[in-house]
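The values are calculated or read from the model by the stated rules, or taken from the named source; none is laboratory data. Owing to the predicted nature of the structure, the values given are computational and were not obtained by experimental measurement. In this analysis, Cβ positions are derived from the backbone assuming ideal geometry, glycine residues included, and neighbour counts consider all displayed protein chains. Surface areas here come from the heavy atoms of the whole protein model, side chains and all, with no ligands, DNA or RNA. Shrake-Rupley method; radii C 1.70, N 1.55, O 1.52, S 1.80 Å.
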Amino acid sequence: MVDLFGLPLAPERGRGRPAHQWTAENSNKVSLLLACEVKPAQIAKVLGITKPTFYKHYFNEISRAGLAPLMLKAKQLERLNKQAEAGNVAAEKALAAMVHAERLAQQARALGGPAPRRSEPRPAKLGKKEEARAAAQGVDGMFAPPPPPSLVH
């Protein structure tokens, strides 16, 4: 295609920056950040896109955000188990430690009930003047107030 003077026209590139493309690398990054409970707006900034674009392209990852920490833990356990089955002693120890830590966490959640209530109510908080009077009552020594006069009959 040529212009009025016969010069070739460059193909039109469009305006603005190119549209965001979903990639597996970005998907993994989003899933890991969601597992760390990072807010979607912050993840969008990390990717260099707007929040609406983030929601448009990463809706699958967002829909699984509540399960992301558990899915990450399952993936770690799966990898450790595979290494342990291959004979890696360090992986066996790490796997046992993760399982033990999870058991302890579950027991702690099971034992933790509502906070115990106090049997006696808290004393009323004193104001500045009342605190000053109470502090003055405890003064002794050289700065102690003199005793009141005795009653004569």
| query | Just wondering, is there one or more residues in the stretch 76-87 that are under 30 Å from residue 41 (Cα atoms) and not β-branched (Val, Ile, Thr)? | reply | yes
| said: Just checking, does the stretch 36-46 include any residue being at positive phi and either free of Cβ contacts under 8 Å to residues at least 60 places away in the same chain or not aromatic (Phe, Trp, Tyr) (or both)? | reply: yes
| said: Among the residues that make up the stretch 93-111, is at least one of them part of a helix (DSSP H, G or I), surrounded by 10 or more Cβ atoms within 10 Å (Cβ to Cβ), touching a residue at least 12 places away in the same chain (Cβ under 8 Å) and small (Gly, Ala, Ser)? | reply: yes
| Among (1) at pLDDT 90 or above; (2) part of a helix (DSSP H, G or I); (3) out of contact with any helix residue (DSSP H, G or I) (no Cβ under 8 Å at 6 or more places or on another chain), the one test that residue 55 misses | (3)
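Would you mind finding the one in 54, 59 that is open to solvent by 80 Å² or more (accessible area, probe 1.4 Å) and of a type in the set (Phe, Trp, Tyr)?
From the options 54, 59, the qualifying one is 59.
Do we have residue 49 as in contact with a helix residue (DSSP H, G or I) (Cβ under 6 Å, 6 or more places away or on another chain), modelled with pLDDT of 90 or more and among the β-branched types (Val, Ile, Thr) here?
Working: in contact with a helix residue (DSSP H, G or I) (Cβ under 6 Å, 6 or more places away or on another chain): no; modelled with pLDDT of 90 or more: yes; among the β-branched types (Val, Ile, Thr): yes.
So residue 49 does not fit the description; no.
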| Residue count, the stretch 63-85 (criterion: open to solvent by less than 90 Å² (accessible area, probe 1.4 Å) and over 27 Å from residue 30 (Cα atoms)) | 1
| task | Exactly one condition in (1) open to solvent by 50 Å² or more (accessible area, probe 1.4 Å); (2) at pLDDT below 90; (3) under 24 Å from residue 106 (Cα atoms); (4) among the aliphatic types (A, V, I, L, M) is not met by residue 7; state its number. | result | (3)
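Which residues, counting only those in the stretch 20-51, are open to solvent by 50 Å² or more (accessible area, probe 1.4 Å), part of a helix (DSSP H, G or I) and closer than 11 Å to residue 68 by Cβ? Lay out the reasoning, then the answer.
At the first step, the residues of the stretch 20-51 found to be open to solvent by 50 Å² or more (accessible area, probe 1.4 Å) are 21-25, 28-29, 32, 36-37, 39, 42, 45-46, 50-51.
Next, from what is left, pick out any that are part of a helix (DSSP H, G or I): 24-25, 28-29, 32, 42, 45-46, 51.
Once the filter is applied, which keeps residues that are open to solvent by 50 Å² or more (accessible area, probe 1.4 Å), part of a helix (DSSP H, G or I) and closer than 11 Å to residue 68 by Cβ, the stretch 20-51 yields only 32.
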